[in-house]
Amino acid sequence: MYDFQQQKQLGLDGEERLDFLFSRWYDIKEVPFELQKEGIDRFYIPKRGEVTFPCLIEYKTDFHDTGNVFIETHSVIRQGRPDVRGWLYTSKADWLIYYLVLRETAFVVDFGKLKMSAQEWTKTCQRRDCKNKDYKSSGLLVPIPVFQLASHAIFNIK
């Protein structure tokens, strides 16, 4: 069973590692809670270059090594029916950074491309439910090599 509080703490640890890595190239700002509810975890502002506006970033930290990436399509399923759409559809971020801790790898994916790719993945990838205390979440299990094809960049984190 998925424990939200435990996963939240593990996610915070992953966020610290990602902040450290990407702070080489970006000034990173945490966002207010209101924006976190919109699927935005950080503002990335490039340290060099012509772009001065922030990129909106969502972090996902995965501590399992199943050979797949979990793409949440429904965050709440009650009584067998989808009740709340998942972060794939609700996030307002520009970019997803998906961190596979055990593989020490972070994938940077444009959310627009991710949503387009997910349309195909719904036809080819397994769907999996994740049981929480009072509800289930549901998503796609995307094989890592397939997810890599949708990624803009891949980073090794050590």
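The values are calculated or read from the model by the stated rules, or taken from the named source; none is laboratory data. Predicted model, so just to flag it, every value in this text is computed and none were measured. For neighbour counting, all protein chains shown are included, and Cβ atoms are generated from backbone atoms with ideal geometry for every residue, glycine included.
Here are some notes:
- Scan of segment 129-153 for residues that are touching a strand residue (DSSP E or B) at 6+ places or on another chain (Cβ under 9 Å) and surrounded by fewer than 15 Cβ atoms within 10 Å (Cβ to Cβ), ordered by number: ASP129, LYS131, ASP134, GLN148, HIS152, ALA153
- Single unsatisfied condition, LYS113 versus (1) surrounded by fewer than 16 Cβ atoms within 10 Å (Cβ to Cβ); (2) in contact with a strand residue (DSSP E or B) (Cβ under 9 Å, 6 or more places away or on another chain): (2)
- Residues of segment 52-77 classified as among the β-branched types (Val, Ile, Thr) and exposed (fewer than 14 other Cβ atoms within 10 Å of the Cβ), total: 2
- Applying the criterion of at least 3 residues that are at pLDDT below 95 and touching a Phe, Trp or Tyr at 6+ places or on another chain (Cβ under 8 Å) to the helices (runs of 4 or more DSSP H) found wholly in segment 60-158 leaves an empty list.
- Number of the condition not met by LYS47 [criteria: (1) surrounded by fewer than 17 Cβ atoms within 10 Å (Cβ to Cβ); (2) under 26 Å from CYS130 (Cβ atoms); (3) touching an Asp or Glu at 6+ places or on another chain (Cβ under 9 Å); (4) modelled with pLDDT under 95]: (2)
- Residue count for segment 12-33 satisfying the condition of being acidic (Asp, Glu) and modelled with pLDDT of 95 or more: 1.
- Within segment 19-43, the set of residues being under 16 Å from the mean Cα position of the chain (by Cα) and part of a helix (DSSP H, G or I) comprises ASP19, PHE22, LEU35, GLN36.
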